[in-house]
Amino acid sequence: MRFQPRLRNGEIVKLSWSLNLYSRGNPVMWPREDNPTERDRYIDRFLIVFAFLMHCFQAELDAHYLLNNLEDIEDFSAGLPTILLQTEVIVRYVDVINHRDELKDLLKRFYTNIYVPQESDQRVFSRISRQLLGPRLITVFYVATMLNYFQEFVVNILAGGREMIYKQVYFFDNTKMPQYLILIGINFWVGILIITMLFGDLNLLGELLMHLNACYLQLGKDLRLAAARLLESNDSTNIAADYRRELIKILQRNIDLNDFAANLERLFTFRLFISFAASALILCVLLFISYKTNELDMMYYCGDWEQIIYRSDNVEENKKLMKLIILSIELNSTPFSLTGLNYFSVTLTSVVKIVQGAFSYFTFLTSMSSN
């Protein structure tokens, strides 16, 4: 039932270990395969509804804890991050479920037309892998956190305790063994769904952006190679026309990449908005892999077209080439960038402001607690 993307030749993609962990550890949010059986559809719908109810159940328990500790600023502030994260997760969960098919279509297009396999270009693939070390390191931290929760659970059981792994208050007795094991199991399952969603979106967005960036860079390389090849020839009459045909091919690829980038932005814009609003930490990690392709206009400007025109004797072709160069630059005058519902762009300045605000809030809570 789990969707397995394929390359252009039909071969199943070997996902990175982080994305493989995401797709297997969170089958609710990962797209499902095409043409599932009726049984698989029922299982999928049950898991979606059950996971949503468990998220809401955990949020209610977190809220109950806060209400019971309104007079204790220390305990209140200790439980506040949990309810904020749980609320963010619920909103993002609904958004992800509603757009799973769109994500599947995007992944199909990505692995067919954008993805750079290791077999086709080892150097580019290795560079992208190095760029993705940051998100994968964050994934290790998330997994280590979950393992630490499990270790604390084992120590707690051996010591005869009945502590939950989150700051929660139940409206019934949760210390009896049967209830406790069920509730702690729900705690762990919801925790796995949360951390896989957090590092899954991070790694998925990073991989999409890095391979997209590699394709953009390849456009400039191919344009310069075409110019160099034509400049080596002695045909001064058709050189501008030949360069114009090569430029048209580059532009067609550029337009396809821009369309993919726009679809990518539409798919992730709401998630980024929620991340900005609720989690400065997650936003800082996203900033590591978010970037702008704002130098594409310079790519066309520096494509050695002036040498082509200098060598060309065909005035009409030179005019057509100049018009196409101008169109190429104007095509990328508004660069692609990640936004949150077009309300803001993911920039270092905006992240610093949010982090400063979070630090001010933390300082306020600390001063209130000390008083």
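Might you check whether a residue that is of a type outside the set (D, E, K, R), in a loop (DSSP other than H, G, I, E, B) and free of Cβ contacts under 8 Å to residues at least 24 places away in the same chain occurs anywhere in region 137-157?
No, because not a single residue in region 137-157 is of a type outside the set (D, E, K, R), in a loop (DSSP other than H, G, I, E, B) and free of Cβ contacts under 8 Å to residues at least 24 places away in the same chain.
Kindly provide the set of residues from region 80-92 that are open to solvent by less than 50 Å² (accessible area, probe 1.4 Å), more than 30 Å from residue 34 (Cβ to Cβ) and not acidic (Asp, Glu), ordered by number.
The answer is 80, 82, 83, 86.
Would you check which residues across region 187-217 are open to solvent by 30 Å² or more (accessible area, probe 1.4 Å) and either touching an Asp or Glu at 6+ places or on another chain (Cβ under 7 Å) or touching a residue at least 60 places away in the same chain (Cβ under 8 Å) (or both) and list them?
Answer for region 187-217, where residues must be open to solvent by 30 Å² or more (accessible area, probe 1.4 Å) and either touching an Asp or Glu at 6+ places or on another chain (Cβ under 7 Å) or touching a residue at least 60 places away in the same chain (Cβ under 8 Å) (or both): 189, 192, 213.
Look through 101, 95 and report the one residue that is within 24 Å of residue 192 (Cβ to Cβ), open to solvent by less than 30 Å² (accessible area, probe 1.4 Å) and within 17 Å of the chain's Cα centre (by Cα).
95
Looking at residue 77, is it open to solvent by less than 70 Å² (accessible area, probe 1.4 Å), within 17 Å of the chain's Cα centre (by Cα) and not β-branched (Val, Ile, Thr)?
no
Can you run down the residue pairs with Cβ atoms below 7 Å, 6 or more apart or on separate chains, where the first is in region 94-123 and in contact (Cβ under 8 Å) with a residue 24 or more places away in the chain and the partner is basic (Lys, Arg) and buried (at least 17 other Cβ atoms within 10 Å of the Cβ)?
95/271
Go through (1) touching a residue at least 40 places away in the same chain (Cβ under 8 Å); (2) more than 27 Å from residue 22 (Cβ to Cβ); (3) open to solvent by 20 Å² or more (accessible area, probe 1.4 Å) and name the single condition residue 232 misses.
Failing condition for residue 232: (1).
I'd like the residue in region 6-26 that is surrounded by 11 or more Cβ atoms within 10 Å (Cβ to Cβ) and of a type in the set (A, V, I, L, M) and, out of all such residues, is nearest to the chain's Cα centre (by Cα).
Checked region 6-26; the qualifying residue nearest to the chain's Cα centre (by Cα) is 19.
The values are calculated or read from the model by the stated rules, or taken from the named source; none is laboratory data. Keep in mind that this is a model prediction, so the values were computed, not measured. Positions of Cβ are backbone-derived with ideal geometry, glycine not excepted, and every protein chain shown enters the neighbour counts. When the accessible area is computed, the model is the full protein with side chains, heavy atoms only, and any ligands, DNA or RNA have been set aside. Shrake-Rupley method; radii C 1.70, N 1.55, O 1.52, S 1.80 Å.
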